[in-house]
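These notes concern the structure reproduced below.
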Amino acid sequence: MTILAFLIPVTLSMGAIGLGVFFWSLRSNQYDDLSGDAERILFDDDHPLLAASARLSNTTKETAP
Amino acid sequence: MSGIGTHPQTCSGDQLQVSSREWREAEARAGVRLLANGQGHCVLSIPDLRCGGCVAKIERTLNARADVVTARVNLTLKQAVVTFADADTDPTCVISALALLGYPAIPADVAQQDEDDTDDVGRGLLRAIAVAGFGAMNIMLLSVAVWSGAAGETRDTFHLISALIAIPVVAYAGQPFFRSAFQALRMGRLNMDVPIAVAVVLALALSLVETMRGGEQAFFDAAVTLLFFLLSGRYLDHLMRERARSAVSGLARLSPRGAMLRQPDGTLTYMPLSSITPGAIITIGLDERVPVDVRIISGSTDLDRSLVTGEAMPVPAGFGDTLEAGTLNLTGVVEAEVLRSADGSFLAQMMRMQSEAETGRGTYVRIADRAAQLYAPVVHLLSLATFVGWFLATGEWHTAIFIAISVLIITCPCALGLAVPVAHVVASGRLMRMGILMKDGSALERLAEIDRVVFDKTGTLTMGTAAIGCGPGDPALRTAAKALALKTVHPAARAIAMSIAEQPCQLDDAIEVPGFGIAGCVGGRAVRLGRADWVADICLQAKGKASPVCAFADGPAMSFDLIETLRPGAVDAISSFAEAGIPVAMLSGDIAARANSIANQLDIADVRSDETPADKIAALNVLRDAGHRALMVGDGLNDAAALAAAHVSMAPSSASDAGRTAADFIFLRDGLDAVTAAWHMARATARIVRQNFALAITYNCIAIPLAMAGLVTPLIAALAMSGSSLLVIGNALRLNRAAKPRPMPMPRAGGMEVPA
């Protein structure tokens, strides 16, 4: 039964990690547009995506301070 | 009688036209919010957004623009969030770029979008669901071990771990229920959250005591799973209201945010409504809504007052006339003196009347709370009786308390708590697909129990636009009339132009005299279209004819017959209410002749015309005092208070801002069949809710005797509670099939027409 002393903390910490990840995703607005995000996976324009992400990182740098 | 040359409009028209465009740009710019880093933030509502393809197209176009930093489209809310490099950017160029792509967009309401950014309630509920889910999973894992035979120290350890998980989980995830139950109790009322909170807290307390004593049975899993189920129901309910709210805020705003103010040095500047004081001079351009109550000091025009007073036909206005806030300026630019500030305007008065009228409805108690008022005392008394019975029978107060609390746990209104919201969420999803927005669940309950229907006339039973019944037969006059009518946006002229199929003839020197009509020359001969007494200046025959009249100088005069168009489906909607034995009445602000002719067409016996907003409220209060529950369908500013006073209310999406705020339901399509569709849906939902209550009560009839006999173990409690919840949810999902909409009747070409 000593295995329980090991397994139960493992179970609980796995659950807690999942909970933490959910809170993080909620805070970073990932549930604001469920139907839109489902479609975004089909967009295949790599070039604008790169440009957009580069621009996005620029703006976040500007807004951060 | 005002001649053309002496009219003030004709000289300064161009300059004022420019001011009108400036106003439009300033109005759009008011929708841009300044961010901390100097960038502008604007939320555009795009109702025609359909799929991922639209999202990709819009984002690619907007992100390619130089003035846009980022654009992100939200498909769920049908909105685009655009960040401009410069806060002073004019969003109208973005809007026109979107229009070129085929997506008409409108700036979303500033006040609304502030709330959007922080949907705290929804986030809080989601967080609570996650915590409850985490707790339920882990505790259930330990409970299954206990149920399958863990004993002795292992069981005690498992109970202890469960307790350590359950206490913080209940303390966090139970808050929405504890708060609502506490509020209800403080007001001396009972709602569904009271028995829920009592059961959860007692289950936790009992299990804690059992754990400390090393007892066999603990209900930690039941308490936490219960919270998880109920929070899911509550979140769905919240999501439903949130979605309807964002769809309503996506409708074009009708009342302006500001006006062009004439400064002492003669220039025009855009000022927000809050800084416009009585005595100031403002300019109101073409196709603008009057922002505050004003008196015209120069210029003349035609006004569409249909949203304000219910009058179907435009009325002319000139020097000295008073305009109420909310009227639409059609044909001429006017300068006007502000009579009252925005707070004291006609619009604000209507808002006050509306909030007073709403208090009458405040007494409505939702069906779930009505059930709780019966249910909670019965269950709590049964539990007390169980305690007394077992104490007398065994003399052991510990056993007695344990069994009494297990009665409370097993009767915890999980199924009852889910019975109503789940059905409402399914129904609201279906209604939304039919183009009907529902503000909240209680509206659906109220709509199901109506026994009277009251319609407004203008804009509700009829379309806002006029049509021509029969026009003049003379070909020369017809082509001239068409040419003249094409020169203006006046609704009557638009209708005339539509009704004449011929090509317009060559027209020279066309000039519009707001409030009177249009004049021009055809082949050197003067021709006029407009008010009869004004056309009579050039043609004696026109005197005394019904307006509008078209005539050549000294030639024959021909009168056009203006009629109102019924909304498609109006006849069917009225007759299906009549078939169901629900009397239909009409309250109109328009003159008796027009009201009666519409009523005759639709077979409505109970007609009241020339009704002021106060008359409408009074009529609805009389109905209420007589014990009737009335559905009010209306669109105008003058209906807003009546919409709030009625038991339940509906408005078309073309309604005034105030009307849309006041109404419980908003239908986005033209046809009045939306009213009957919503009513059928409400009745189907009420039936499902009743079935759900019956299921929940049946479950309790089986569970309570078992619990009172002391036969309930935590395993049975967990199975019974989850089982009953799933049963209720499954039954509610039947609504998706149960009320398939009947095939849409073919809309009659052009609707039915009746003389105005």
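If you scan the range B:50-71, which residues turn out to be farther than 14 Å from B:Gln39 by Cβ, facing chain A (nearest Cβ under 7 Å) and not in a helix (DSSP H, G or I)?
B:Cys51 - this is the single residue of the range B:50-71 that is farther than 14 Å from B:Gln39 by Cβ, facing chain A (nearest Cβ under 7 Å) and not in a helix (DSSP H, G or I).
So for the range B:145-162 (the condition being free of Cβ contacts under 8 Å to residues at least 24 places away in the same chain, in contact with a Leu (Cβ under 7 Å, 6 or more places away or on another chain) and part of a helix (DSSP H, G or I)), does at least one residue qualify?
yes
With in contact with a helix residue (DSSP H, G or I) (Cβ under 6 Å, 6 or more places away or on another chain) and among the aromatic types (Phe, Trp, Tyr) as the only criterion, which of B:Phe182, B:Phe219 stands out? Can you show your working first?
On the way: B:Phe182 fails: in contact with a helix residue (DSSP H, G or I) (Cβ under 6 Å, 6 or more places away or on another chain).
B:Phe219 is the lone residue from the list that is in contact with a helix residue (DSSP H, G or I) (Cβ under 6 Å, 6 or more places away or on another chain) and among the aromatic types (Phe, Trp, Tyr).
Test of understanding: among B:Val73, B:Val81, B:Val121, B:Val94, which residue is in contact (Cβ under 8 Å) with a residue 60 or more places away in the chain and either closer than 29 Å to B:His238 by Cα or buried (at least 17 other Cβ atoms within 10 Å of the Cβ) (or both)? Even if it seems obvious, please write down each step before you answer.
Values: B:Val73 fails: in contact (Cβ under 8 Å) with a residue 60 or more places away in the chain; B:Val81 fails: in contact (Cβ under 8 Å) with a residue 60 or more places away in the chain; B:Val94 fails: in contact (Cβ under 8 Å) with a residue 60 or more places away in the chain.
Among B:Val73, B:Val81, B:Val121, B:Val94, only B:Val121 is in contact (Cβ under 8 Å) with a residue 60 or more places away in the chain and either closer than 29 Å to B:His238 by Cα or buried (at least 17 other Cβ atoms within 10 Å of the Cβ) (or both).
Please count how many residues of the range B:696-715 are in contact (Cβ under 8 Å) with a residue 12 or more places away in the chain and out of contact with any helix residue (DSSP H, G or I) (no Cβ under 6 Å at 6 or more places or on another chain).
Of the residues in that region, 5 qualify.
Only one of B:Ala492, B:Ala519, B:Ala497, B:Ala483 is assigned to a helix (DSSP H, G or I), in contact with an Asp or Glu (Cβ under 9 Å, 6 or more places away or on another chain) and hydrophobic (A, V, I, L, M, F, W, C). Can you tell me which?
The unique qualifying residue is B:Ala492.
Is there a residue being part of a helix (DSSP H, G or I) and either modelled with pLDDT of 80 or more or facing chain A (nearest Cβ under 10 Å) (or both) anywhere in the range B:32-46?
No, the range B:32-46 contains no residue that is part of a helix (DSSP H, G or I) and either modelled with pLDDT of 80 or more or facing chain A (nearest Cβ under 10 Å) (or both).
Could you grab me the full set of residues in the range B:576-589 that are touching a residue at least 40 places away in the same chain (Cβ under 8 Å) and part of a loop (DSSP other than H, G, I, E, B)?
B:Ile582, B:Pro583, B:Ser588, B:Gly589
Exactly one of these conditions fails for B:Leu125: (1) at pLDDT 80 or above; (2) of a type in the set (A, V, I, L, M); (3) outside any helix (DSSP H, G or I). Give me its number.
(3)
Does B:Arg567 satisfy the condition of being crowded, with 19+ Cβ neighbours inside 10 Å, within 29 Å of B:Leu447 (Cα to Cα) and basic (Lys, Arg)?
In short, yes.
Mind checking whether some residue in the range B:624-636 is closer than 23 Å to B:Leu431 by Cα, buried (at least 21 other Cβ atoms within 10 Å of the Cβ), at pLDDT below 90 and in contact with a Phe, Trp or Tyr (Cβ under 9 Å, 6 or more places away or on another chain)?
Yes, some residue in the range B:624-636 is closer than 23 Å to B:Leu431 by Cα, buried (at least 21 other Cβ atoms within 10 Å of the Cβ), at pLDDT below 90 and in contact with a Phe, Trp or Tyr (Cβ under 9 Å, 6 or more places away or on another chain).
Looking at (1) in contact with a strand residue (DSSP E or B) (Cβ under 7 Å, 6 or more places away or on another chain); (2) surrounded by 19 or more Cβ atoms within 10 Å (Cβ to Cβ), can you tell me which one B:Ala280 breaks?
(2)
Can you confirm whether the range B:349-368 contains a residue that is assigned to a helix (DSSP H, G or I), over 25 Å from the mean Cα position of the chain (by Cα) and within 30 Å of B:Thr713 (Cα to Cα)?
Within the range B:349-368 (the criterion being assigned to a helix (DSSP H, G or I), over 25 Å from the mean Cα position of the chain (by Cα) and within 30 Å of B:Thr713 (Cα to Cα)), the answer is no, since none of the residues qualifies.
Give, as residue ranges, the helices (runs of 4 or more DSSP H) completely inside chain A that count at least 2 residues that are within 10 Å of chain B (Cβ to nearest Cβ), at pLDDT 55 or above and more than 19 Å from B:Thr61 (Cβ to Cβ). Spell out the reasoning first.
On the way: elements: A:2-27, A:34-40, A:46-63.
Those helices (runs of 4 or more DSSP H) span A:2-27, A:34-40.
Taking the options B:Asp221, B:Asp237, name whichever one is acidic (Asp, Glu) and either under 30 Å from B:Ala663 (Cβ atoms) or without any contact (Cβ under 8 Å) to a residue 12 or more places away in the chain (or both).
B:Asp237
Does any residue of the range B:572-580 turn out to be within 26 Å of B:Leu330 (Cβ to Cβ) and among the hydroxyl-bearing types (Ser, Thr, Tyr)?
No, the conditions are met nowhere in the range B:572-580.
Which residue pairs have Cβ atoms closer than 6 Å, lie 6 or more positions apart in sequence or on different chains, and pair a first residue in the range B:307-329 that is over 16 Å from B:Asp590 (Cβ atoms) with a second residue that is modelled with pLDDT of 80 or more and among the small types (Gly, Ala, Ser)?
Here the result reads B:Gly318/B:Ser300, each pair linking the range B:307-329 to a residue that is modelled with pLDDT of 80 or more and among the small types (Gly, Ala, Ser).
Looking at B:Val131, is it crowded, with 18+ Cβ neighbours inside 10 Å and within 9 Å of chain A (Cβ to nearest Cβ)?
Yes.
Condition test on B:Thr225, is it outside any strand (DSSP E or B) and surrounded by 24 or more Cβ atoms within 10 Å (Cβ to Cβ)?
yes
Output the number of the condition that B:Asp116 fails; it satisfies all remaining conditions of (1) at pLDDT 85 or above; (2) assigned to a helix (DSSP H, G or I); (3) within 12 Å of another protein chain (Cβ to nearest Cβ).
(1)
Among the residues of the range B:395-416, are any within 29 Å of the chain's Cα centre (by Cα) and in the same structural domain as B:Leu711 (by TED's automatic domain parsing)?
Taking every residue of the range B:395-416 in turn, at least one turns out to be within 29 Å of the chain's Cα centre (by Cα) and in the same structural domain as B:Leu711 (by TED's automatic domain parsing).
Give me the pairs, please: first residue somewhere in the range B:510-527 and acidic (Asp, Glu), second residue anywhere and part of a loop (DSSP other than H, G, I, E, B), beta-carbon distance under 9 Å, and either six or more positions apart or on two chains.
Pairs that qualify, where the first residue is acidic (Asp, Glu) and the partner is part of a loop (DSSP other than H, G, I, E, B), are B:Glu512/B:Thr331; B:Glu512/B:Gly332; B:Glu512/B:Lys487; B:Glu512/B:Thr488; B:Glu512/B:His490.
How many residues, within the range B:441-455, are in contact with a helix residue (DSSP H, G or I) (Cβ under 8 Å, 6 or more places away or on another chain) and either farther than 30 Å from B:Ala605 by Cβ or aromatic (Phe, Trp, Tyr) (or both)?
2
For (1) at pLDDT 85 or above; (2) out of contact with any Ser or Thr (no Cβ under 7 Å at 6 or more places or on another chain); (3) closer than 11 Å to B:Ser406 by Cα, each residue gets a yes or a no:
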residue	(1), (2), (3)
B:His680	yes, yes, no
B:Arg690	yes, yes, no
B:Thr698	yes, yes, no
B:Leu706	yes, yes, yes
B:Leu711	no, yes, yes
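Of these, B:Ala259, B:Ala181, B:Ala197, B:Ala247, which one is aliphatic (A, V, I, L, M), more than 19 Å from B:Ser725 (Cα to Cα) and without any contact (Cβ under 8 Å) to a residue 24 or more places away in the chain?
Working: B:Ala259 fails: without any contact (Cβ under 8 Å) to a residue 24 or more places away in the chain; B:Ala197 fails: more than 19 Å from B:Ser725 (Cα to Cα); B:Ala247 fails: without any contact (Cβ under 8 Å) to a residue 24 or more places away in the chain.
Within the list B:Ala259, B:Ala181, B:Ala197, B:Ala247, the selection yields B:Ala181.
Of all residues in the range B:389-440, which are free of Cβ contacts under 8 Å to residues at least 60 places away in the same chain, in contact with a helix residue (DSSP H, G or I) (Cβ under 8 Å, 6 or more places away or on another chain) and either within 30 Å of B:Leu735 (Cα to Cα) or among the hydrophobic types (A, V, I, L, M, F, W, C) (or both)?
Once the filter is applied, which keeps residues that are free of Cβ contacts under 8 Å to residues at least 60 places away in the same chain, in contact with a helix residue (DSSP H, G or I) (Cβ under 8 Å, 6 or more places away or on another chain) and either within 30 Å of B:Leu735 (Cα to Cα) or among the hydrophobic types (A, V, I, L, M, F, W, C) (or both), the range B:389-440 yields B:Phe391, B:Trp397, B:Ala400, B:Ala404.
How do the pairs read when you match residues in the range B:590-613 that are modelled with pLDDT of 85 or more and part of a helix (DSSP H, G or I) with residues anywhere that are among the basic types (Lys, Arg) and surrounded by 19 or more Cβ atoms within 10 Å (Cβ to Cβ), using Cβ under 8 Å and keeping only pairs 6 or more apart or on different chains?
The qualifying pairs are B:Ala595/B:Lys457; B:Ile598/B:Lys457.
The values are calculated or read from the model by the stated rules, or taken from the named source; none is laboratory data. The structure presented is a predicted model; accordingly, all values stated were derived computationally and were not measured. In this analysis, Cβ positions are derived from the backbone assuming ideal geometry, glycine residues included, and neighbour counts consider all displayed protein chains.
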